[in-house]
Amino acid sequence: MKKLNYLLLFFAVPVLSLLSCKKGDVGPAGPAGPEGPKGATGASGAAGADGTDGANGAKGATGTANVIYSDWATAKNFRDTTADNSAMHAADLAAPKLTTSIINSGTVMVYFTFGGGVYTLPYTSYAGGKQNTMSYWPRLGHFIITRFTADNSNSVPLSTVLQYRYVIIPGGITAAVAKQVNINDYESVRKFYNIRN
């Protein structure tokens, strides 16, 4: 009989334990399992629409600071003269801001046009059937525009209808400019300094 009681007790305890559990009871959390393998990369999404263009910035200041350029202008005071035994025609081109300091340490360029393009002085041609050269001399407040023939005959006149433009680059910025623009090429100079035609 005692043996039977033990046997009943042996089976009754687990059954009672099962009967005392109810739906929703959760036991303690078990240890974390090992990390699973990385999943495959998903497909790229569709490209978004382009954003709208930003507003244009304000127009910058003309050219590099301190650079001076003139409007197109005609020369005045036409005359014949001689320099170093060379006979030549001469005229004056006003340049009020051409100072002694700029003449001594800056860079000055003079360009001319007659409607068929823009040319850099000095300029050599066969206008009038003879080799002749147009050039300039910087002077305080003006340029002297000159023309002389290779045979020293002074037979090709300096036209009164030519127009000239000068560009003055003060000495403090000449070296920096020389690395960025060919001052003998008018179009390069015009674009670099934002010079209007």
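The values are calculated or read from the model by the stated rules, or taken from the named source; none is laboratory data. Here the structure is a predicted model, which is why all the values come from computation and not from measurement. Note: ideal-geometry Cβ built from the backbone for every residue, glycine included; neighbour counts use all protein chains shown.
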Point to revise | Number of the exception - Asn132 against (1) surrounded by fewer than 17 Cβ atoms within 10 Å (Cβ to Cβ); (2) modelled with pLDDT of 90 or more; (3) polar (S, T, N, Q) | key: (1)
Study note, to complete from the structure: Of the listed residues (Ala94, Ala83, Ala87, Ala43), the one being without any contact (Cβ under 8 Å) to a residue 60 or more places away in the chain, farther than 14 Å from His142 by Cα and either small (Gly, Ala, Ser) or loosely packed, with under 15 Cβ neighbours inside 10 Å (or both) is Ala43
Practice item. Could you list, in sequence order, all residues of the range 107-116 that are part of a loop (DSSP other than H, G, I, E, B) and either farther than 19 Å from Leu93 by Cβ or touching a residue at least 40 places away in the same chain (Cβ under 8 Å) (or both)? Key: Phe114, Gly116
**Study point:** Extreme residue, farthest from Gly128 (Cα to Cα), among residues of the range 149-197 that are part of a strand (DSSP E or B) and modelled with pLDDT of 90 or more
**Key:** Ile168
**Study point:** Condition check for Leu140: loosely packed, with under 13 Cβ neighbours inside 10 Å and either in contact with a strand residue (DSSP E or B) (Cβ under 8 Å, 6 or more places away or on another chain) or at pLDDT 95 or above (or both)
**Key:** yes
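Just need a number here: residues in the range 23-68 that are of a type in the set (Val, Ile, Thr), modelled with pLDDT of 80 or more and assigned to a loop (DSSP other than H, G, I, E, B).
3
Restricting to the range 123-148, name every residue that is in contact (Cβ under 8 Å) with a residue 40 or more places away in the chain and part of a strand (DSSP E or B). Show your work before the answer.
Applying the first criterion (in contact (Cβ under 8 Å) with a residue 40 or more places away in the chain) to the range 123-148 yields 136, 138-148.
Passing the criteria: Tyr136, Pro138, Arg139, His142, Phe143, Ile144, Ile145, Thr146, Arg147, Phe148.
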